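Visitor: Below are the structure tokens for one structure; questions will follow.
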Amino acid sequence: MRFMNTEYGTLYIVATPIGNLGDITIRALETLKNADIVAAEDTRQTGKLLNHFEIRKPMISYFEHNKAQRGPQIIEKLKQGLNVALVSDAGTPGISDPGADIVKEAISEEIKVTMVPGPVAGIMAVVLSGLDTSSFIFQGFLPEEKKKRKAILEEFRTQTRTVIFYESPHRIETTLKEISEILGGGRRLALCRELTKMYEEIVLKSVDEHLSDFSAKPPRGEYVMVMEGVDSQTLSEMNQAEWAEISVKDHVDSYINTGMDRKAAIKKVALERRSSRNEIYNKYELEKSVDK
Ligand code: SAM
């Protein structure tokens, strides 16, 4: 168990609604009422929430551009024995917002950290997407730099798991165009809009179909994008095409170079090329002798 200094206060990570105030939990309200300070990503937004539930508390702002100075001040308050409730703009602090940093700092300072769980836009979106929920990847926001965005999307070419993205409405069309270019416009994707709000809408169709919808009606509101993983049949065809371009010897050697013994490498290659071990062994030996 992690050592915690009992003289210190506790950092409570408090999830708040992502649109519908009715989604606040009883524990969230109790925690906000009992905390000494509320650290908020957006004090105006949290002010409205606290007002609505008639909670009066001193607030301190903690957001992306002041977290480097504010983080240590909050840690200091916790060390003085004060209990701090951290809330973000909406949803769960630490998920695509600055909450993650203060959690790490508090843990390294032996401060008790606990959480009042609640809404997460990405989880609601994946559940409602109609896509496979047995295994998924949370990508969150793609980086702003074009080269990095491209590299991440390239990685998803062979990804069989469902992928969850956050995106701002003014960038969603650009991102869909990039997905279409790199992964193909036929990939299915659910656009989950205005979750828990009056105009909540989930539309599952191909990337290119979404793009054509946007040319008639531009995006509005908040969106989570949930993308289907590549199916195993397509993945296997992609792999077969790739392996056709390298020799059996190079294929086997690539595994031997990772530390695998020759027998295991031949077995793996036979499986991947849908061939027999004997055939791979014979080809490997032949190509090796030609190479000499
Ligand atoms: N911490 C939050 C959570 O737990 O989901 C996410 C914060 S992140 C800064 C904001 C992004 O979450 C938005 O750009 C959007 O992609 C997604 N989001 C938040 N609320 C949403 C809603 N009501 N409907 C759809 N997407 C939402």
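Visitor: Where in the range 118-174 are there trypsin sites (Lys or Arg not before Pro) that are in a DSSP coil and have at most 13 other Cβ atoms within 10 angstrom of their Cβ?
Guide: none
Visitor: How high is the FRET efficiency from Met260 to Ser134, r the C-beta distance, R0 25 Å, rounded to 0.05?
Guide: After rounding, the FRET efficiency stands at 0.30.
Visitor: With 10 angstrom as the radius, rank Asp132, Asp261 by how many other C-beta atoms surround their C-beta, starting from the fewest.
Guide: Asp261, Asp132
Visitor: Quick one: Debye curve from the alpha-carbon atoms of the chain only, equal weights, vacuum; give me log10 I(q)/I(0) at q = 0.07, 0.08, 0.15 Å⁻¹ to two decimals.
Guide: Treating every Cα as an identical point scatterer, log10 I(q)/I(0) equals -0.41, -0.52, -1.10.
Visitor: Provide Rg over Rh for the range 32-93; use the alpha carbon set for both Rg and the Kirkwood Rh (inverse mean inverse pair distance).
Guide: Here the Rg-to-Rh quotient is 0.95.
Visitor: Evaluate the Debye formula for the range 164-249 with equal point scatterers sitting on the alpha carbons, no solvent, and hand back log10 of I(q)/I(0) at q = 0.12, 0.24 Å⁻¹, in q order, two decimals.
Guide: For the range 164-249, the Cα-only Debye profile gives -0.44, -1.18.
Visitor: Another question, if that's okay. Taking every DSSP beta bridge with both residues inside the chain, roughly what % is antiparallel (nearest 5)?
Guide: 45
Visitor: Ok, one more. Put +1 on the Cβ of every Lys and Arg and -1 on every Asp and Glu Cβ in the chain; which of Ala190, Ser108, Leu176 then has its Cα farthest towards the positive end of the dipole?
Guide: Most positive-ward Cα: Ser108.
Visitor: Would you mind classifying the range 1-74 by shape? Square roots of the alpha carbon gyration tensor eigenvalues, ordered a ≥ b ≥ c; an a/c under 1.5 is rounded, otherwise it is prolate if a/b is larger than b/c and oblate if not.
Guide: It is oblate, given that a/c is not under 1.5 and a/b is not larger than b/c.
Visitor: Contour minus end-to-end for Ser276 and Arg220, with contour as 0.36 nm per residue of separation and end-to-end as the Cα-Cα distance?
Guide: Answer, rounded to one decimal: 14.7 nm.
Visitor: Scan the chain and report its longest stretch carrying no GluC sites (Glu not before Pro) that are both in a DSSP loop and have at most 12 other Cβ atoms within 10 Å.
Guide: Between the exposed loop sites, the longest stretch runs 146-244.
Visitor: Now for a different question. Taking a 20 Å limit on the Cα-Cα distance, which of the listed pairs Lys48/Lys217; Lys146/Lys217; Lys67/Lys197; Lys268/Lys288; Lys33/Lys104; Lys79/Lys112 fall beyond it?
Guide: Distance filter (> 20 Å) returns Lys48/Lys217; Lys146/Lys217; Lys67/Lys197; Lys33/Lys104.
Visitor: If you average the alpha carbon positions of the range 137-180 and of the range 239-266, how far apart do those two centres end up, in angstrom?
Guide: 30
Visitor: Let me ask you something else. Kindly give the semi-axes, whole Å and largest first, of the ellipsoid equivalent to the range 24-157, taking each as the square root of 5 times a Cα gyration tensor eigenvalue.
Guide: After scaling each eigenvalue by five and taking roots: 30, 19, 14 Å.
Visitor: Grab the beta carbon distance between Glu181 and Glu30, set R0 = 51 Å, and tell me the FRET efficiency rounded to 0.05.
Guide: Efficiency computed from Cβ-Cβ geometry: 0.55.
Visitor: In addition: Towards the positive end of the charge dipole of the chain, with charges on Cβ (+1 Lys, Arg; -1 Asp, Glu), say which of His52, Asn278, Ala121 has the farthest Cα.
Guide: The listed residue farthest towards the positive side: Asn278.
Visitor: For the chain, the longest stretch holding no chymotrypsin sites (Phe, Trp or Tyr not before Pro) located in a DSSP loop with at most 14 other Cβ atoms within 10 Å is which?
Guide: Within the chain, the longest run free of exposed chymotrypsin sites (Phe, Trp or Tyr not before Pro) spans 54-198.
Visitor: Quick one: dipole size for the chain, taken about the Cα centre, charges +1 on Lys/Arg Cβ and -1 on Asp/Glu Cβ, in debye to the nearest 20.
Guide: 380
Visitor: Once you have all Cα-Cα distances for the range 105-177, histogram them in 5 Å bins from zero and send the whole-percent values.
Guide: So the P(r) values, bin by bin, are 3, 11, 19, 19, 17, 12, 11, 7, 1, 0.
Each reported figure results from applying straightforward, stated rules to the coordinates on display, with no laboratory input. Small disclaimer: the values here were computed from a predicted structure and weren't measured. Positions of Cβ are backbone-derived with ideal geometry, glycine not excepted, and every protein chain shown enters the neighbour counts.
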